Amino acid sequence: MFVEGTPHGAMLGIKFVAIDIDRATLSLPYDKKLVGNKETGVLHGGVLTTLLDQACGLAAIASFKEMMAVATLDLRIDYMRAAEPGKTIIAEAHAYKTTKHIAFVRGIAHEGDVNDPVATSQASFMTTAMGRKSPKKGDRQKAIQELPKPASNPEGQKA
Amino acid sequence: MTTMDQINEALSQIPYAGEIGIKSLLMGDELTLILPYKPELIGNPILQAMHGGVVGAFLETTAMVQLWLMGDPKPLPKPISINIDFLRRGRPQDTYARATVGRQGSRVANVRVQAWQENVRNPISILHGNFLTAADPKP
């Protein structure tokens, strides 16, 4: 369910690229309706907020020992430069520390070159009440096995 | 041009604001933006919680429009760094936001924005951030 994305992620056109333990990658193709400034055609900062929040949330889910749902506690975003109109944005997230109920996650959004980021993020996530009640042992392993195969050459990424 | 016209002009420059359906309300000179609920704003279908990202985008837009109203001349402000605290789950209902400008410098403005649903005293989310309000210097 979380890999397929969220209703709002679908509205923006967020695509799943890859997931691993502690890590997740998503992409977002450029779309005129997501522009923040008509004159420049640059994506709205809030679109990057959603993309990074979702990538970081997915990495957080992938970092817990059991299958859990998460909620964002706080999210910081630094906007390094304007996203280039027309280019697909790739968001990579890494949950670098996980406690029993909290995951600390870093994210980076770029257009194919990780050394030239559009934005970076730092977030913390908490497992939600519903997530705590429902998990069964082995759910996470099963979920990881059932994941779709990552795209071999995601849109916009350099071959 | 009335303040309301100015607000609508600012919002019309932001296609994304129209896409998620942001509306505005002006009481005196106080600007409130409204994000009417629709199912596409959900981030967690089990909890029926709004996507944190869309709440963040809404807060960001509120800061941008508020700063745009104060600026002269007027490039659309750009976020530099923002920090969002999520205090409560965004329920599937309309959300409101209002911005307070801490300091408007010559190039950078510091802004705080609160979003709430039933009651302004119970915010669901708070943003604080710095925005670039000056036009980009020519390279």
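Only the coordinates and a few stated rules stand behind these numbers; no lab work does. None of these values were measured; they are calculated from a predicted model. Virtual Cβ from ideal backbone geometry, glycine too; neighbours counted across all protein chains shown.
What to note about this one:
- Filter result for A:ALA18 (assigned to a strand (DSSP E or B), in contact (Cβ under 8 Å) with a residue 12 or more places away in the chain and farther than 28 Å from B:LEU76 by Cβ): yes
- Residues (farther than 11 Å from B:GLY129 by Cα and surrounded by fewer than 16 Cβ atoms within 10 Å (Cβ to Cβ)) located in segment B:72-84: B:ASP72, B:PRO73, B:PRO75
- Residues of segment B:90-107 that are charged (D, E, K, R), assigned to a loop (DSSP other than H, G, I, E, B) and either under 18 Å from B:GLU30 (Cβ atoms) or in contact with a His (Cβ under 9 Å, 6 or more places away or on another chain) (or both): B:ASP94 alone.
- Residue match in segment A:48-65 (condition: assigned to a loop (DSSP other than H, G, I, E, B), within 24 Å of B:ASP85 (Cβ to Cβ) and within 12 Å of another protein chain (Cβ to nearest Cβ)): no
- Residue within segment A:99-108 that is under 25 Å from B:MET64 (Cα atoms), assigned to a loop (DSSP other than H, G, I, E, B), in contact with a Ser or Thr (Cβ under 9 Å, 6 or more places away or on another chain) and β-branched (Val, Ile, Thr) present: no
- A:ALA82 meets the conditions (1) more than 9 Å from every other protein chain (Cβ to nearest Cβ); (2) in a loop (DSSP other than H, G, I, E, B); (3) of a type outside the set (Ser, Thr, Tyr) in every case but one. The failed one is (1).
- Answer residue from segment A:51-85, given it is within 12 Å of A:SER124 (Cα to Cα) and among the acidic types (Asp, Glu) and is surrounded by the most Cβ atoms within 10 Å (Cβ to Cβ) among those: A:ASP53
- Selected residue [surrounded by fewer than 22 Cβ atoms within 10 Å (Cβ to Cβ) and not in a loop (DSSP other than H, G, I, E, B)] from B:ASN110, B:ASN119: B:ASN110
- Residue that is surrounded by the most Cβ atoms within 10 Å (Cβ to Cβ), among those in segment A:88-104 that are touching a Leu at 6+ places or on another chain (Cβ under 9 Å) and in contact (Cβ under 8 Å) with a residue 40 or more places away in the chain: A:ALA93
- Residues (buried (at least 16 other Cβ atoms within 10 Å of the Cβ) and more than 11 Å from chain A (Cβ to nearest Cβ)) located in segment B:36-47: B:TYR37
- The residues of segment A:19-47 include none that are closer than 12 Å to A:GLU92 by Cα and facing chain B (nearest Cβ under 9 Å).
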